[in-house]
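In what follows, a structure is listed as structure tokens, so that the remarks can point back to it.
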């Protein structure tokens, strides 16, 4: 029974990430293919391609428009309209700020870092690229195994060290609760309680 359970768990671990990616993509493809655009075109792949090209062109056009005075005026109007809607204002502002900081950035360093917590103790964190009014760096301490939860803290810049890993490898290490180095290899060793202080 134990081998069946292990095989089932390994199957879930293998198939769940694939399903998390494939199911939304298939749903989105179906939703776009069913849009009533180009009713004369019977081919679903052609309709999806046309919608993707039109959406990309529209996004690029709006981006160029936002660089002009008219675009800034329109953007301000959209911001005022969305902020007048009580329930949607929080979602709109969060999405706008997230997209702006992720895609545009502010020129400050971002990515994995280590917080020096004293002695040989280091805490993995992610730089946000922002600073507090007091000049401290704002970093995100992700939780494990749910990296979307965690803490946002202010840290003196001299207590931050460069991390010798990528954001992806840090994420893998956190999701695996420290059992992986981020390169896909699980490194588990049995250690007695007395051995833990010697590492």
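Read-outs: derived from the displayed coordinates by stated rules, not from any lab. Quantities reported herein were computed from a predicted structural model and do not represent experimental measurements. Neighbour counts run over all protein chains shown; Cβ positions are idealised from the backbone, glycine included.
Points worth noting:
- The criterion of being exposed (fewer than 10 other Cβ atoms within 10 Å of the Cβ) and either part of a helix (DSSP H, G or I) or more than 26 Å from the chain's Cα centre (by Cα) (or both) does not hold for residue 55.
- The residues on offer are 122, 110, and the sole one that is surrounded by 14 or more Cβ atoms within 10 Å (Cβ to Cβ), in contact (Cβ under 8 Å) with a residue 12 or more places away in the chain and farther than 27 Å from residue 64 by Cβ is 122.
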